[in-house]
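A short write-up of the structure that comes next.
No value in this document is a laboratory result; all are computed from the given coordinates. This structure is a prediction, so every number in the text was calculated from the model and none was measured. Every residue, glycine as well, gets a Cβ built from its backbone with ideal geometry; the counts of neighbours run over all protein chains shown.
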2 protein chains.
Amino acid sequence: MLDPMSGPRRRAPRQAEAERNDRALLAAAREVLAADGAHASVAAIAARAGVGIGSLYRRYRTKQELFQRLCVLSLDSWNDAAERGLAAQDPWEGLAGFVTACVEFGQGSLAPIAGLIEVTEEMRAKSDRSDELLAALVTRAQEAGAIRPDVTPVDISLLIEQLGSSPVLDQLRRQGREDLLAAAGHARRRIITITLDGLRTIHAGPLPGPAPTERLFTERWEPHPDPA
Amino acid sequence: MLDPMSGPRRRAPRQAEAERNDRALLAAAREVLAADGAHASVAAIAARAGVGIGSLYRRYRTKQELFQRLCVLSLDSWNDAAERGLAAQDPWEGLAGFVTACVEFGQGSLAPIAGLIEVTEEMRAKSDRSDELLAALVTRAQEAGAIRPDVTPVDISLLIEQLGSSPVLDQLRRQGREDLLAAAGHARRRIITITLDGLRTIHAGPLPGPAPTERLFTERWEPHPDPA
DNA sequence: CGGGTTGCGGAGTGAATTGCTCCGTTATAC
DNA sequence: GTATAACGGAGCAATTCACTCCGCAACCCG
């Protein structure tokens, strides 16, 4: 055993690459989780990140550890979005912005791992905080008369989870149909708009973006040439 | 080889049981697909149906054949619901009833197998028919001024698919939390109501059922004692 | 009761997949 | 050049999968 303190501290030579890899891994994990659900494999995550399996396992000792990290980051995003929502002047815009943000950073893709990983103390704490923030957002919107008086924060959570995964989008991604992704994204925003309008006391304007095409719905069923 | 025509045709002795098994298998397949997605295994389906694997494979030569049958039945349900919707006097009630019906018989749970099975001619034909029916439903509701003028039939299809799987409900089922299933069902109906209201030109009444409890959202994360 | 038929259940099989380890290789610092 | 830190991915044991095979039970008719 050598004394680790011997000699002056050296800068890790390839530290920057390691950091980039870490970010790539987390992003890839989110994508693969969205695409494959509970099925998601470590190999797929590493491959998507363009990183060797070995590097993944140097950074995270187990698959569970990676997923726990992902949960913490998602809770942070949730809380950030909630705080931005509370900072908005208009209560409705605040709530709608919050929901949209959660849906868009892929909150829903974490649902499949619920119950499969241990909940850490850190996760629980951040989750408590997120409950408070959401309650505040909802209360404020209701007091302003912007949303139905009988929706509860849990309704909103469930709604975020429901919108948070997009069957069409995820599947097209799984099939590697890059050509349809943009259209699917537009279609999804329309669905979100519709749902959010159902939350309001008053109705808003027209649906955003171009109307979705049939192809979106039918081409998924063509026999799937594995994207590998 | 014996001549199969020798002797008088005999009634199959245990034909009734076979038929019951078939129905159980199809129902189980739907449930397992909803719970496990593309991950769904033949063994799980047979077990859930309370039927041996051997019996499953006598009825359907392959997994794909079972799934294809399931698709055909789902398309039938879809078309039946659409026809009932068109038969309703009120255009809005017709469309809303159709969407609700599709969501409730689990249309969404078939999404994960898109691209994994070959589309048969029968499926394609029934699918064409369903497109016509849906277009008629939407047109009628729009001409009556009941729904936003800019929603398209594809929007509705996507909306059904989005609502057709309930992350919470499916996951609780997977975990065997029978105690929370009713609550999750109520919560889901509230989400559906909200979304459908977002479709309408006018807003409807209050949300149905009891407000969802926190437990619905939190207990899923408790470490999962495998239901086996 | 007995012979014959029909459907049943599930152990077993080979192939594929999984989480993870181990080690030879490559890039950087001095 | 040499030391070091991070890399990629072949390989491993364990599990999972779709599917086969066969012994057994339920039922019919005489």
Next item on the list: Answer with yes or no whether B:Leu25 is within 14 Å of another protein chain (Cβ to nearest Cβ) and either near DNA strand D (Cβ under 10 Å from one of its atoms) or in contact (Cβ under 8 Å) with a residue 24 or more places away in the chain (or both).
Entry: no
Next item on the list: Residue by residue through segment B:130-144, note down the ones that are surrounded by fewer than 16 Cβ atoms within 10 Å (Cβ to Cβ) and more than 13 Å from chain A (Cβ to nearest Cβ).
Entry: B:Thr139, B:Glu143, B:Ala144
Check: Name the residues in segment A:19-58 that are away from DNA strand C (no atom under 11 Å from the Cβ) and more than 18 Å from the chain's Cα centre (by Cα), would you?
Finding: A:Glu19, A:Arg20, A:Asn21, A:Gly50, A:Val51
Checklist line | Test: residue in segment B:110-123 that is more than 14 Å from chain A (Cβ to nearest Cβ), in a helix (DSSP H, G or I) and closer than 26 Å to B:Ala34 by Cβ | finding: no
Check: Going by the conditions given, is A:Gln89 surrounded by fewer than 20 Cβ atoms within 10 Å (Cβ to Cβ), within 13 Å of chain B (Cβ to nearest Cβ) and away from DNA strand D (no atom under 14 Å from the Cβ)?
Finding: no
Checklist line | Positions within segment B:122-140 being in contact (Cβ under 8 Å) with a residue 40 or more places away in the chain and of a type in the set (S, T, N, Q), in sequence order | finding: B:Ser127, B:Ser130
Next item on the list: Kindly indicate whether A:Asp197 is within 11 Å of chain B (Cβ to nearest Cβ), among the acidic types (Asp, Glu) and not in a helix (DSSP H, G or I).
Entry: no
Notebook entry, point to check: For B:Gln142, are the conditions met, namely being more than 22 Å from the chain's Cα centre (by Cα) and part of a helix (DSSP H, G or I)?
Noted result: yes
Margin query: For segment B:55-107, which positions are within 27 Å of B:Thr201 (Cβ to Cβ), part of a loop (DSSP other than H, G, I, E, B) and touching a residue at least 60 places away in the same chain (Cβ under 8 Å)?
Written below: none
Next item on the list: Within segment B:32-65, count every residue that is under 27 Å from B:Pro167 (Cα atoms), more than 14 Å from every other protein chain (Cβ to nearest Cβ) and buried (at least 20 other Cβ atoms within 10 Å of the Cβ).
Entry: 3
Checklist line | Filter result (within 16 Å of DNA strand C (Cβ to nearest atom) and either among the aromatic types (Phe, Trp, Tyr) or more than 13 Å from B:Glu122 (Cβ to Cβ) (or both)) within segment B:65-87 | finding: B:Leu66
Note to self: Please verify whether A:Ser157 is within 21 Å of the chain's Cα centre (by Cα) and more than 10 Å from chain B (Cβ to nearest Cβ), treating the condition exactly as stated.
What the structure shows: no
